[in-house]
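The structure appears right after this line, and notes come after that.
The values are calculated or read from the model by the stated rules, or taken from the named source; none is laboratory data. Predicted model, so just to flag it, every value in this text is computed and none were measured. Here the Cβ positions follow ideal geometry from the backbone for every residue, glycine too, while neighbour counts run over all protein chains shown. Calculation scope for accessible area: heavy atoms of the full protein, side chains included, ligands and nucleic acids excluded. Shrake-Rupley method; radii C 1.70, N 1.55, O 1.52, S 1.80 Å.
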Amino acid sequence: MSKKTHVTTNINGSDVEFLCESRQSLLEVLRDVLNMTGTKEGCNDGNCGACSVIVEGRLIDSCLMLAVETEGKSVTTIEGVASTDGLHPIQQAFLEHAALQCGICTPGFIVAAKALLEREPEVDEGRVRHWLAGNLCRCTGYDKIVRAVLDAGQRMKGG
Amino acid sequence: MTITAEPRVEGKGGYKVVGTRPIRHDGLEKVTGQARYGADVHLPGMLHGKVLRSPHAHARIVSIDARRALAHPGVEAVITSAEFPQPSGKVADLGEGAMMNPKFLSNNTMAVGKVLYKGHPVAAVCAVSQHVAEEALSLIDVEYEVLPPVLNAMDAMKDDAPVLHERLFTADTPFVRPGGLRDDDDSAKGSNVSSHFVFEIGDLDKGFAEADVVVEREYRTKAVHQGYIEPHAATATWNRDGRITIWCSSQGQFAMRDQTALVLGVPASQIKVIPLEIGGGFGGKTLIYLEPVAALLSKKTGRPVKVAMSRQEVFEGTGPTSGSFMKVKMGATKEGRLTAAKATLIYEAGAYPGSPVNPGAQCMLGPYDIPNGRVEAYDVVINAPKVAAYRAPGAPAAAYAAESVVDELAEKLNMDPIDFRLLNGAKEGTRRITGPVFPRIGYLETLRATKDHPHYSAPLEGAYRGRGVASGFWFNGSGPSSATASVDHDGTVSLLEGSPDIGGTRAAVAMQMAEVLGLPAEDVHPSIGDTDSIGFTSNTGGSSVAFKTGWACYEAAQDIKRQMIERAAAIWDVSPGDVDLADGVFLHKSDPELRFTFKELAGLLLETGGPIVGRAAVDPRGVGGAFAAHVVDVEVDPETGKTQILRYTALQDAGTAVHPSYVEGQMQGGAVQGIGWALNEEYFFDDDGRMSNASFLDYRMPTSLDLPMIDTEIVEVPNPGHPYGVRGTGEIPIVPPMAAIANAIYKATGVRMTQLPMSPGAVLDALGRCEGKQDGG
């Protein structure tokens with residue numbers, strides 16, 4: 001067992017301190033150290049997007065980033081997408097469009113869509129499909145997900 | 001926070017709730033990350049387990065030495081098959097036809113004597129962290145004597161093939177799917193063919209003699225994985241009193257309990273399985289893998305143990321579906337009437353018996369009224385992961401073969417392929433080749449809707465573009481199911497049911513309860529019970545949940561309705577026969593002064609005789625079969641062989657679509673899994689039987705970028721065998737895509753693809769062998 005490092009990072013707007021081994025990924029620390037299990041593991045090798053989080057404004061697979069690398073950075077996870085006032089428009093659109101079935105990929109898709117729409121609410125189907133190509137869903141065939149993201153973009157633009 | 005649903009639109013069939021699109025009850029937890037799945041369990045003092053798996057496809061285990069692993073700091077225990085009680089090879093019936101061979105089930109969980117596929121578990125370790133457990137795996141010394149592997153069914157059936165199971169016998173019926181061993185006094189050599197049987201109807205020779213046109217072709221498909229995004233995970237505690245608690249995600253908490261009990265040799269009543277949310281299953285989460293391992297590691301350490309698979313372990317250690325070799329011959333008169341069909345299906349079961357060749361054989365000719373038919377089926381073991389169910393198990397490959405031949409027949413007869421199907425289509429009264437006679441079904445209605453769909457007549461121009469169509473049949477399932485529901489004093493109902501929810505079934509079954517009670521869907525609060533808190537409920541599988549658990553909820557609601565009517569009658573001092581429930585209001589039939597809303601009466605229950613709990617335990621007959629037809633436009637790149645899906649439309653008879661959005665979702669998801677199966681997905685084994693593409697990157701399932709929108713049209717021919725006309729919907733949509741795409745590629749290129757996947761390389765090879773049409777369609 002290796003020695004642990006003390007890390008301070010900002011997660012969903014709050015400063016968080018934790019101890020981790022240098023070999024632990026951000027995904028593992030979120031889930032196993034901080035008990036934030038909303039971020040999911042589908043492959044642990046960067047090929048499914050279930051563990052998508054936003055670090056310093058960039059969408060990343062948290063399984064591919066070491067937790068020690070987040071020192072001093074800001075991280076947004078699925079737990080930080082809704083506010084105390086209500087759901088994020090993307091979450092609301094996913095519910096209304098029935099854009100989830102089993103739901104295991106849903107947090108990753110919502111975080112990925114957030115990273116897109118907050119910069120670019122004016123998107124078309126091709127842009128959404130291209131952006132979400134790093135997130136695998138095996139249940140929906142993507143149709144309702146793409147529609148939900150397009151709809152959410154419209155709502156965010158209007159709001 | 002509040003969630004608003006779409007405005008309520010009255011459903012078809014005069015229903016108020018059934019047929020509407022409320023927001024699913026578990027939706028909020030799933031879009032916020034609160035929902036707990038298999039790997040989300042954290043218990044105090046919990047240890048982490050990992051499984052050591054065979055690097056060889058076929059080998060004898062000479063020795064296992066765990067001393068170095070046990071000496072590694074942080075390692076708490078190591079187990080091997082020595083810790084597993086070895087159950088007999090006698091087939092056990094776990095109820096509702098879920099036959100299991102306990103020995104094979106156990107040996108697939110932990111190998112004994114021999115390993116039969118790369119990825120086969122040989123030992124397991126638990127430690128203070130996952131990383132330490134992984135380090136410990138490399139410190140377990142296993143000596144193997146490597147044996148020659150058998151890598152496909154054709155090789156496995158040769159006389160001189162290495163035998164996987166020295167004592168396996170060949171059953172001559174479809175009913176010994178889990179396979180069995182020879183009696184002790186029978187010294188005959190074991191076979192790799194675990195079953196071989198035939199379904200027959202009519203006179204085949206006469207049928208082919210009547211045919212003016214005959215097409216005969218051979219097909220090969222490869223193993224493909226269900227590809228659920230959530231890897232398997234199980235957490236267990238084995239208490240000092242012998243009670244075992246298991247948290248896992250599966251398609252059936254009772255199946256997990258009963259299979260684990262068989263393997264551990266303990267009574268099922270000693271085990272409580274707590275179902276977590278399931279991150280996809282598609283049939284692949286109906287078998288135990290990690291549950292007994294976690295339980296035994298907990299027994300050995302006295303602490304909770306969680307074992308979770310990596311993605312590579314999911315590919316290499318859990319069930320894909322069968323690869324197959326198929327031969328199909330069909331004949332028709334020049335007027336287009338089918339006269340005979342003959343098929344041979346050889347399905348690879350993986351390391352232990354139990355391919356889905358029986359349902360494949362039963363379903364492949366289901367769409368047709370064929371007077372003379374014969375389907376011969378083989379279940380063959382090979383050195384590959386043991387297969388598990390995958391969405392309409394067995395039917396998609398068989399339909400790929402049959403529907404390709406049908407397309408060719410229609411072409412030879414110069415008939416529109418849908419007209420050919422309409423002429424020969426199964427309907428109420430048609431006898432299936434396996435014996436049963438169809439009740440009211442909706443195949444012809446589905447075909448007519450397909451022909452009328454704008455997609456079917458839309459222009460499709462351009463070189464190397466083509467449109468294909470194919471249909472499919474899946475018989476759908478049922479099984480025991482339980483529901484209890486209590487009326488809360490605020491006028492809502494808490495529903496406890498037994499079916500793990502993979503794709504929105506909480507909503508579908510709660511809506512059926514709400515329909516009976518005249519409540520909005522949101523006023524029924526469904527949750528899924530553990531094995532100690534709800535009655536036995538069979539797997540979420542066979543497209544059965546909206547049917548059987550919907551029915552259980554319907555009956556439990558009737559129970560509530562009866563009791564509430566009695567309560568209202570008692571309060572009013574009238575006869576219960578004079579009280580009715582309509583639109584959520586209890587009314588006296590002749591005295592309009594006497595009325596309670598559901599909410600008003602619910603608020604009075606505790607002071608007028610006590611709470612009301614409705615219950616139902618059912619095992620419904622009356623399953624209605626499902627039919628689908630898909631239309632697809634493709635474009636083939638002649639330079640690369642890549643096939644692009646340009647447009648896709650899926651149609652199917654859902655009976656009654658309880659929640660149309662989730663029926664559409666099943667149709668879209670099934671179609672896209674079929675597109676993956678058709679165009680890229682396969683288990684790619686090297687010469688030593690090692691899977692070469694055991695990652696999502698290399699296995700390459702469809703992404704959003706590969707696909708267009710998937711259009712759907714739900715046809716509703718209510719199933720007369722269900723109170724609301726429900727048929728199963730989840731599985732049938734994966735049956736037609738492979739043939740539809742193959743038929744489209746033919747139209748685009750002039751080449752008939754007889755192997756799956758129709759990957760760029762395979763298409764290029766086929767184009768190279770044939771003179772492709774240059775002008776497309």
- Message: Here is a check on your reading of the model: is B:T333 open to solvent by less than 10 Å² (accessible area, probe 1.4 Å) and touching a residue at least 24 places away in the same chain (Cβ under 8 Å)?
- Response: no
- Note on the structure: Quick count over segment B:565-617, residues being part of a loop (DSSP other than H, G, I, E, B) and either surrounded by fewer than 16 Cβ atoms within 10 Å (Cβ to Cβ) or touching a residue at least 60 places away in the same chain (Cβ under 8 Å) (or both), is 14
- Query: Right, B:E639: over 28 Å from B:S494 (Cα atoms) and over 31 Å from the mean Cα position of the chain (by Cα) or not?
  - Reply: yes
- Picking from A:D45, A:D85, the residue that is open to solvent by 10 Å² or more (accessible area, probe 1.4 Å), of a type in the set (D, E), over 29 Å from A:R23 (Cβ atoms) and facing chain B (nearest Cβ under 8 Å) would be A:D85
- Item | Verdict on B:P396 being open to solvent by less than 10 Å² (accessible area, probe 1.4 Å), in a loop (DSSP other than H, G, I, E, B) and not β-branched (V, I, T) | no
- Message: I need the full set of residues from segment B:401-434 which are open to solvent by 20 Å² or more (accessible area, probe 1.4 Å), in contact (Cβ under 8 Å) with a residue 60 or more places away in the chain and charged (D, E, K, R), in order please.
- Response: B:K412, B:D419, B:R431, B:R432
- Task: Quickly run through segment A:106-122 and pick out the residues that are in contact with a Gly (Cβ under 7 Å, 6 or more places away or on another chain) and either of a type in the set (S, T, Y) or open to solvent by less than 10 Å² (accessible area, probe 1.4 Å) (or both).
- Result: A:P107, A:G108, A:A112, A:L117
- A:V149 passes all but one of the listed conditions (1) surrounded by fewer than 20 Cβ atoms within 10 Å (Cβ to Cβ); (2) within 13 Å of chain B (Cβ to nearest Cβ); (3) touching a residue at least 12 places away in the same chain (Cβ under 8 Å); (4) aliphatic (A, V, I, L, M); the exception is number (1)
- Query: Among A:E56, A:E69, which is surrounded by fewer than 24 Cβ atoms within 10 Å (Cβ to Cβ), away from chain B (no Cβ under 12 Å), in contact with a Ser or Thr (Cβ under 8 Å, 6 or more places away or on another chain) and not aliphatic (A, V, I, L, M)?
  - Reply: A:E56
- Query: For segment B:183-202, what are the residues that are outside any strand (DSSP E or B) and touching a residue at least 60 places away in the same chain (Cβ under 8 Å)?
  - Reply: B:N192, B:G202
- Task: Inspect all residues belonging to segment B:729-745 and state whether any of them is open to solvent by 20 Å² or more (accessible area, probe 1.4 Å), closer than 23 Å to B:V405 by Cα and either assigned to a helix (DSSP H, G or I) or modelled with pLDDT under 95 (or both).
- Result: no
- Among all residue pairs at least 6 apart or on different chains, which show Cβ distances below 6 Å where the first residue, located in segment A:112-124, is part of a loop (DSSP other than H, G, I, E, B) and the second is surrounded by fewer than 20 Cβ atoms within 10 Å (Cβ to Cβ)? A:P121/A:M156; A:P121/A:K157
- Message: Being over 21 Å from B:Y699 (Cα atoms), more than 7 Å from chain B (Cβ to nearest Cβ) and open to solvent by less than 10 Å² (accessible area, probe 1.4 Å) is the filter here; which residues of segment A:123-144 pass it?
- Response: A:V128
- Message: Would you confirm whether or not segment B:203-216 contains a residue that is in contact with a strand residue (DSSP E or B) (Cβ under 6 Å, 6 or more places away or on another chain), assigned to a loop (DSSP other than H, G, I, E, B) and within 23 Å of B:T109 (Cβ to Cβ)?
- Response: no
- Query: Are any of the residues in segment B:639-648 within 24 Å of B:A395 (Cβ to Cβ), out of contact with any Ser or Thr (no Cβ under 8 Å at 6 or more places or on another chain) and not hydroxyl-bearing (S, T, Y)?
  - Reply: yes
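Quick grid of which residues meet (1) part of a helix (DSSP H, G or I); (2) farther than 23 Å from B:Y117 by Cβ; (3) in contact (Cβ under 8 Å) with a residue 40 or more places away in the chain; (4) touching a Lys or Arg at 6+ places or on another chain (Cβ under 6 Å):
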{"residue": "B:K285", "(1), (2), (3), (4)": "no, no, yes, no"}
{"residue": "B:L296", "(1), (2), (3), (4)": "yes, no, yes, no"}
{"residue": "B:F325", "(1), (2), (3), (4)": "no, no, yes, yes"}
{"residue": "B:T339", "(1), (2), (3), (4)": "no, yes, yes, no"}
{"residue": "B:A343", "(1), (2), (3), (4)": "no, yes, yes, no"}
{"residue": "B:G360", "(1), (2), (3), (4)": "yes, no, no, no"}
{"residue": "B:I370", "(1), (2), (3), (4)": "no, yes, yes, no"}
- Message: For B:P757, only one of the following conditions fails: (1) assigned to a loop (DSSP other than H, G, I, E, B); (2) within 14 Å of chain A (Cβ to nearest Cβ); (3) more than 30 Å from B:A507 (Cβ to Cβ). What is its number?
- Response: (2)
- Query: Residues of segment B:630-657 being open to solvent by 10 Å² or more (accessible area, probe 1.4 Å) and either under 28 Å from B:E515 (Cα atoms) or in the same structural domain as B:R24 (by TED's automatic domain parsing) (or both), which ones?
  - Reply: B:T656
- Query: How many of the residues making up segment B:223-276 are under 17 Å from B:V293 (Cβ atoms), more than 26 Å from the chain's Cα centre (by Cα) and of a type in the set (G, A, S)?
  - Reply: 1
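Counting only residues that are within 20 Å of B:T729 (Cβ to Cβ) and out of contact with any helix residue (DSSP H, G or I) (no Cβ under 9 Å at 6 or more places or on another chain), which one in segment B:443-461 is least open to solvent (accessible area, probe 1.4 Å)?
Looking at residues that are within 20 Å of B:T729 (Cβ to Cβ) and out of contact with any helix residue (DSSP H, G or I) (no Cβ under 9 Å at 6 or more places or on another chain), I get B:T446.
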